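The values are calculated or read from the model by the stated rules, or taken from the named source; none is laboratory data. Predicted model only: the values in this text are computed from it and were never measured. Cβ atoms come from the backbone with ideal geometry, glycine included; neighbour counts cover every protein chain shown.
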Amino acid sequence: MKCAFAEHDKLALLIIGIVLFLTLYAFGSLLGVVILAVSLAIVVMPLKTWLSRFVSEQIAAFAVTFIVGCLVIGSLAFCVAILYGNADYLTQIITETYTALIGMQLITPGATSTPLIDVAGIINSHMDTIQSGFLSVVSGFTAAIFNSIIFFLTLFIFIYFGENIWRDLLSGIPDSLKSFVSHITEISSNTLYSIYIVHISTSVITFLLAIPFFYVLGYGHIVFWSLIVALFQLIPIIGPTLIMIFLGIYAIATGDYRAAALIAIIGYPVVCAIPDFLFRPIMMGKRTSIHPAIMWVGFFGGLWLMGIVGFVIGPLVLALLVASGRELIRIMKQAKENGWLEKAG
């Protein structure tokens, strides 16, 4: 069978491969930032397409990038401000819970002849580690600035040129593969939609549902607790259930059985279960045919192996693996049927 590429095209492909290798070698440390930007660009592309009906594509791409930037920076600033402002309160809650559990003899600090563990002292000792970590973050502030610049520039580039780049790539694919590539594209976009839109929307819904609950609970710091459960909602399976368990232990340890009953009867069903088992399936609809368990393996495995970028890459890779497996099964079945037809002929 004659190769479809001419000799000079083979040389060009070799040079292209070398260029790609050198690019990955030189900018490999930025690969995670680029992947996050490209995946997010795919998700927000429909917004850019809609805005392009009223303004030029360049202005629409800039507007979408600006909106995403404001949302990301604003959300991070809000979270940092709330968490930092309630750090002492969280320390107090943990200390009170630990001390109460010791008083109830549910946990033992050690031998009876030894004094109680100075919980506040232990936490304060860990503050030195936190402060040193904060200093290291400050020392890497320049790197964070450059990563942010690269992220938003890459986001803008792929929002602006992404559709044209993808259209050009598809034009060079053989017709026999276009159906499979289209299926892979659909799986990828649905998976990214699940990662970004559904997860973040579920987290926001959890935050809104948590505000009235924590108001009724009466512990104060309503926005802080609502933010905590919303952030934990981003963690698959576990979600804000851990926070409810912690608050339940705190309520029982301090003798506040009213709060414990509210957490069990209202807190978990409303704040934890409703977003996960009602809103999440509604928002997902039929956009994905990948079992949620596979997505969870992707989330946890990706985070464990690749860090924050694994939150996106892990589920996406497993979704593509499942789609490729289904295509392999289809090809094998078709080959088997063709073999039987040839024998019958």
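Suppose we filter segment 32-57 for residues that are in contact with a helix residue (DSSP H, G or I) (Cβ under 7 Å, 6 or more places away or on another chain) and farther than 20 Å from Thr191 by Cα; how many remain?
So the answer is 3.
How many of the residues making up segment 165-193 are free of Cβ contacts under 8 Å to residues at least 40 places away in the same chain and either under 28 Å from the mean Cα position of the chain (by Cα) or assigned to a helix (DSSP H, G or I) (or both)?
Residues that pass the stated criteria total 16.
Looking for something touching a Phe, Trp or Tyr at 6+ places or on another chain (Cβ under 7 Å), in the same structural domain as His199 (by TED's automatic domain parsing) and at pLDDT 80 or above - is there at least one such residue anywhere in segment 301-314?
No.
Output the residues belonging to segment 216-237 that are assigned to a helix (DSSP H, G or I) and closer than 21 Å to Tyr84 by Cα.
Those that are assigned to a helix (DSSP H, G or I) and closer than 21 Å to Tyr84 by Cα: Ile222, Val223, Phe224, Trp225, Ser226, Leu227, Ile228, Val229, Ala230, Leu231, Phe232.
List every residue pair whose Cβ atoms lie under 9 Å apart, where the two residues are 6 or more positions apart in sequence or sit on different chains, the first residue falls within segment 44-67 and is of a type in the set (A, V, I, L, M, F, W, C), and the second residue, located anywhere, is at pLDDT below 95 and in a loop (DSSP other than H, G, I, E, B).
Once the first residue is of a type in the set (A, V, I, L, M, F, W, C) and sits in segment 44-67, its partners that are at pLDDT below 95 and in a loop (DSSP other than H, G, I, E, B) give Ile59/Ser52; Ala60/Ser52; Ala60/Arg53; Ala60/Phe54; Ala61/Ser52; Ala63/Val55.
Are there any pairs, at least 6 apart or on different chains, whose C-beta atoms fall under 7 Å, with the first in segment 137-154 and within 19 Å of Leu40 (Cα to Cα) and of a type in the set (S, T, N, Q) and the second outside any helix (DSSP H, G or I) and modelled with pLDDT of 75 or more, and if so, which?
Close Cβ pairs (under 7 Å, with a partner that is outside any helix (DSSP H, G or I) and modelled with pLDDT of 75 or more) do not exist here.
Against the conditions (1) of a type outside the set (A, V, I, L, M); (2) under 15 Å from the mean Cα position of the chain (by Cα); (3) within 22 Å of Thr185 (Cα to Cα), where does Trp304 fall short? Just the number, please.
Result: Trp304 passes all but (3).
Quick grid of which residues meet (1) of a type in the set (Gly, Ala, Ser); (2) part of a helix (DSSP H, G or I); (3) surrounded by fewer than 17 Cβ atoms within 10 Å (Cβ to Cβ); (4) touching a Phe, Trp or Tyr at 6+ places or on another chain (Cβ under 9 Å):
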site: Gly239; (1), (2), (3), (4): yes, no, no, yes
site: Leu247; (1), (2), (3), (4): no, yes, no, yes
site: Gly255; (1), (2), (3), (4): yes, no, yes, no
site: Ala259; (1), (2), (3), (4): yes, yes, no, yes
site: Ile266; (1), (2), (3), (4): no, yes, yes, yes
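Does Gly310 satisfy the criteria of being of a type in the set (Gly, Ala, Ser), crowded, with 17+ Cβ neighbours inside 10 Å and part of a loop (DSSP other than H, G, I, E, B)?
Considered against the rule, which asks whether it is of a type in the set (Gly, Ala, Ser), crowded, with 17+ Cβ neighbours inside 10 Å and part of a loop (DSSP other than H, G, I, E, B), Gly310 comes out as no.
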